[in-house]
1. At what distance in nm do the modelled label points of Arg235 and Ala146 sit from each other, each positioned 7 Å from its Cα along Cα→Cβ?
2. Take the Cα coordinates of the stretch 25-130, assign each an equal point scatterer, and use the Debye formula without solvent to give log10 I(q)/I(0) at q = 0.18, 0.23, 0.24 Å⁻¹.
3. Charges at C-beta only: +1 for Lys and Arg, -1 for Asp and Glu. How large is the resulting dipole of the stretch 87-146 about its Cα centre, in Debye rounded to 20?
4. Counting Lys and Arg as +1 and Asp and Glu as -1, each charge on the Cβ, what is the dipole of the stretch 2-271 about the Cα centre in debye, to the nearest 20?
5. Of the heavy-atom accessible surface of the stretch 2-271 (probe 1.4 angstrom), what whole percent is carbon and sulfur?
6. Could you please report the charge total around Leu116, scoring K, R as +1 and D, E as -1 over all other residues with beta-carbon less than 14 angstrom from its beta-carbon?
7. Give me the Å³ per residue figure for the convex hull around the C-alpha atoms of the chain.
8. Quick one: accessible area per residue over the stretch 2-271, 1.4 Å probe, rounded to a whole number of Å²?
Amino acid sequence: MADVQLKVLVGRFEAYAEAYFAELDWPPRLLAAARHAFFGGGKRVRPALALLAAEAVAGLAGPALPWALAVELVHTYSLVHDDLPAMDDDDERRGRPTCHKAFDEATAILAGDALLTEAFAAVARIGDAMTAQRLVGLLVRAAGGAGMVAGQVADIAGVGDPVALEAMQRQKTGALITAAAEGGAIAVGGEADEVAAIRAGARELGLLFQITDDLLDAEQDAEPDGRSYLHHFSRAEVQARLERTAEAARGAFGGLGARATPLVAFVDRIAHRTV
Ligand code: GRG
């Protein structure tokens with residue numbers, strides 16, 4: 001049942017995003033590059049979380065669709081820029097050429113710029129002006145110089161110990177994942193205690209996502225570097241950390257009652273993910 005609901009929500013998101021992109025009046029090559037990145041087979045973790053959070057607090061997801069789109073636009077830009085030669089210099093993502101390989105470096109930079117900027121136009125589609133204003137602030141804090149970008153700065157500088165590693169990951173990936181869920185709850189008018197419960201669970205979920213990412217990466221990398229929990233801890237310790245973090249996320253979401261069941265199930269999905 002929870003799986004069906006998730007599929008339906010992601011299907012609604014894809015339809016909303018397709019309709020949104022169809023209206024964009026961008027130069028054709030820029031739009032093609034942005035579409036290559038945005039519709040490139042991502043798991044849609046952040047939109048799913050935004051919509052599940054909205055369902056958990058209000059029993060409806062529709063009003064959170066612009067927010068879900070905004071967060072995925074930011075996520076997509078971050079991947080396009082992260083793959084550039086000046087950053088991670090990756091040729092492939094999701095089994096396809098990265099944006100700068102499929103197009104060219106300048107186009108990929110500009111596609112990232114346009115995706116990021118468009119995120120704020122998407123937030124502006126939220127009907128209630130006060131809510132939209134609140135969500136702009138949330139997005140800026142999560143994605144900007146004190147959030148995801150700060151995490152990328154810390155990652156590039158290198159992290160020496162597990163405390164610094166966790167702090168870096170909370171900014172680099174955790175902040176946007178947390179904001180995705182929190183904003184979903186805000187977009188449907190969640191009460192302060194409901195938004196706080198969603199935020200608390202999503203903070204743990206962000207960490208959980210990163211722990212599973214390290215475990216998945218370790219299946220490919222021979223020697224995990226200081227950016228991986230497996231560099232600092234044994235596999236058994238990392239597994240125990242995963243269980244603890246998943247339990248904390250389930251506990252926070254579970255307090256919201258029956259409507260949060262799909263959100264609780266989503267925690268297990270992330271904990272046991274294979275991609
Ligand atoms: C360039 C400002 C700037 C930031 C980049 C988030 C980030 C910062 C870079 C991503 C690099 C990376 C591989 C991080 C590890 C975890 C992560 C966020 C993976 C990608 O997210 P998924 O798995 O991606 O949700 P999909 O492909 O499913 O959309």
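The values are calculated or read from the model by the stated rules, or taken from the named source; none is laboratory data. Note that the structure is a prediction, hence the values are computed from the model and not measured. Every residue, glycine as well, gets a Cβ built from its backbone with ideal geometry; the counts of neighbours run over all protein chains shown. When the accessible area is computed, the model is the full protein with side chains, heavy atoms only, and any ligands, DNA or RNA have been set aside. Shrake-Rupley method; radii C 1.70, N 1.55, O 1.52, S 1.80 Å.
1. So the two model labels end up 4.1 nm from each other.
2. Result of the Debye calculation: -0.84, -1.16, -1.22.
3. With Lys and Arg at +1 and Asp and Glu at -1, about 420 debye.
4. 760
5. Answer for the stretch 2-271 is 54 percent, counting heavy atoms of protein chains only.
6. -4
7. It comes to 119 Å³ per residue, whole-number rounded.
8. Counting only protein heavy atoms, the per-residue value for the stretch 2-271 is 43 Å².
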